[in-house]
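Heads up, the thing below is written out as structure tokens.
Read the figures in this text as sums done on the coordinates, not as results from a lab. Fair warning: this is a prediction, and the values are worked out from it, not measured in the lab. All Cβ positions, even for glycine, are placed from backbone atoms using ideal geometry, and neighbour counts span all protein chains on display.
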Amino acid sequence: MQITVREGTATCLAPAELTAAGIRQMVEDVKKALDGRDDFSDVCVDLSATENIDSMGLTFLIGLYKTYSARGRKIRLTGYSGPILEIFKIMKFDELFELRQ
Amino acid sequence: MMSILEGRFLSGFENAAKYVPKIVDWVDGNRHFDHHSQKFVVDFVVRELFNNAVEHGNRNDGAKMISYRVESRLGFIEISVGDEGQGFDLEQAVRRDRESGTDSVRNRGLLIALKLGWTLSARGGTVTARYEYGRKGG
């Protein structure tokens, strides 16, 4: 997972498959890139490249929410496809995240 | 006309990820998805059945096997995934998922499949998801 911090926003570029097989690596990528940093106030997960997601991918997003909202950061999901939005609606993700398609 | 695809592989998320696109492409070859959303939903459901088998059925034991059977007929598609576990109470699992909060998504994949219009059944270590075309999302 590619992660950059710029002008107070940490942007995580999600892969094409946000699914079980890649979750462990993504968790490590986020920890390595963001742990210990205090130069960002928002976290943006860019899902524009993501074609498929599963419950493990959703769990990963929830994990980001729990970790960074507890530290006072806002979490935003952007660029997701229509079918992924359908899943977000079922999961009531709008109650947790700022959604911006 | 009926078409069937069957196979088995060693349990594990990485192995399962290799079989998901094969199954989705096979379904596409039989049904010819009209919309990207149909392909996405089949992909999602197959992944959830495999995730369930890897994690809950085979308890992350990479020496155990996962089997699958996909049946495509005129009016419906049925996907069965078997593992070497003892099986579980599907109704209880779905009820538990419904009662968990918004910030708890773990294991909710099967509940999402239900909300996408699929029906689920379980027998022993096999979970079957069925979709009848013409219903929601079809």
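Tabulated data for the structure shown
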| item | result |
| --- | --- |
| Kirkwood-based shape ratio for the range B:1-126, expressed as Rg/Rh from alpha carbons | 0.95 |
| Extension gain from A:Ile90 to A:Ser41, taking 0.36 nm per residue of separation minus the Cα-Cα distance | 14.9 nm |
| Partner lysines for B:Lys64 [C-alpha distance under 29 Å; skip if fewer than 8 residues away on the same chain] | B:Lys18, B:Lys22, B:Lys39 |
| Segment B:Ala63-B:Leu10, length gained on full extension (0.36 nm per residue, minus Cα span) | 18.4 nm |
| Residue-count net charge about A:Cys12 - beta-carbon cut-off 10 Å; Lys, Arg +1, Asp, Glu -1 | -2 |
| Chain B - charge dipole about Cα centre, Lys and Arg +1 at Cβ, Asp and Glu -1, debye rounded to 20 | 180 debye |
| Förster radius 41 Å - calculated FRET efficiency between A:Glu28 and B:Tyr133, Cβ distance, rounded to 0.05 | 0.50 |
| Overall dimensions of chain A by Cα: Rg and Dmax, Å | 12.4, 35 |
| Set of lysines near A:Lys32 by C-alpha distance (under 23 Å), chain-local residues within fewer than 8 positions excluded | A:Lys66, A:Lys74 |
| Principal axis dimensions, largest first and in whole angstrom, of the range A:1-42 by Cα | 31, 18, 12 |
| Which of A:Leu34, B:Leu10 has the fewest Cβ neighbours within 10 Å, and the rest in rising order | B:Leu10, A:Leu34 |
| Positive-end residue of A:Pro83, A:Phe40, A:Thr4, charge dipole of chain A with Cβ unit charges | A:Phe40 |
| Dipole moment magnitude, nearest 20 debye, the range A:1-97 about Cα centre, only Lys, Arg, Asp, Glu C-beta charged | 280 debye |
| R0 of 22 Å, Cβ-Cβ distance B:Arg95-B:Ala122: FRET efficiency to nearest 0.05 | 0.95 |
| Debye, to nearest 20: dipole size of the range B:1-56, +1 on Lys, Arg Cβ, -1 on Asp, Glu Cβ | 100 debye |
| Convex hull volume per residue in cubic angstrom - Cα atoms of the protein assembly as shown | 118 Å³ |
| Surrounding net charge for A:Val43, when Lys and Arg each add one and Asp and Glu each subtract one, Cβ distance under 9 Å | +2 |
